[in-house]
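Take this structure first; my questions come after.
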Amino acid sequence: MSDFVASFSLSHLQWGMIALCAILVGMSKTGIPGVSMIVVPSMAMIFGGKASTGVLLPILITADIFAVFYYHRHAEWKPLLRALPWALLGLILALWIGAGVNDQQFKHLIAISVILSLGLMIWNDRKNKKNELPDYPWFAALFGILGGFATMIGNVAGPVFAIYLLALHLPKKNYIGTTAWFFAIINLSKLPLQYFVWDNIHKETVIIDLLVIPFVMIGAYIGIKLVHAIKDQAYRWFVVVITFISAILIFL
């Protein structure tokens, strides 16, 4: 087994980083958002930018499956179905113009958008208009397209979709369940695009993904246990703070 692992030309430190990334992805998908923000740059350091997305996507899908299995009954389908068609459009736009996009500049725009949206959402809450923003058709369209584009280009859609759901004031489990279904559908939609168009998913990357499934399971278990310990209102502000920090990390 050790010879087989060594055949991938990865050091023990790199394998450790991949395992840690798998744990963080599992935690993130089961309700502890933001902890996976170091995953994208870490995987890019090991495999390179575009190649890393081919390794990471099956890990994300594995974690999505665990999250959907545990929280599927808590999903809110009305806001989910409002945003999904626009998110799929965002995926196609990203696929179309991805070759000419500067990743760093786009991430900066995402970060600025997330911070401004957080400010708008908090201002809206303080004006006691908790359900006003999501009622506008442009709201789901904007965050759907932005989220789809962001997840295809840089796997940074978490903070974007968090704003959309935070504005709905969903209870903790409904927030996690809706997020789980959204990213399960989006990431499965990305799979054929990355396999056939970007050509960055291969037998070797799939083997690596299979090897780290136990670490995804560990992360998912930790995430579920931590979420149980956080009360609903505290969880909302926990997500707000983590989303803001995530936006700053995207910007750096």
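The values are calculated or read from the model by the stated rules, or taken from the named source; none is laboratory data. The structure presented is a predicted model; accordingly, all values stated were derived computationally and were not measured. Cβ coordinates were reconstructed from backbone atoms using ideal geometry, including for glycine residues, and neighbour counts include every protein chain displayed.
Scan the range 82-100 for residues that are modelled with pLDDT under 75 and either loosely packed, with under 15 Cβ neighbours inside 10 Å or among the basic types (K, R) (or both) and report the count.
Going through the range 82-100 one residue at a time, the tally reaches 3.
Checking the structure you have, find out if any residue of the range 159-172 is surrounded by fewer than 20 Cβ atoms within 10 Å (Cβ to Cβ), within 21 Å of A75 (Cβ to Cβ) and basic (K, R).
Checked the range 159-172: no residue is surrounded by fewer than 20 Cβ atoms within 10 Å (Cβ to Cβ), within 21 Å of A75 (Cβ to Cβ) and basic (K, R).
Given the conditions (1) surrounded by 17 or more Cβ atoms within 10 Å (Cβ to Cβ); (2) among the small types (G, A, S); (3) modelled with pLDDT under 95, and given that S9 satisfies all but one, which numbered condition is not satisfied?
(1)
Looking at the range 45-56, can you tell me whether even one residue there is touching an Asp or Glu at 6+ places or on another chain (Cβ under 9 Å), surrounded by 19 or more Cβ atoms within 10 Å (Cβ to Cβ), modelled with pLDDT of 95 or more and among the β-branched types (V, I, T)?
no
I would also like to ask the following. Taking the stated definitions as given, is G31 buried (at least 24 other Cβ atoms within 10 Å of the Cβ) and on the phi > 0 side of the Ramachandran plot?
Judged against the criteria, G31 is a match.
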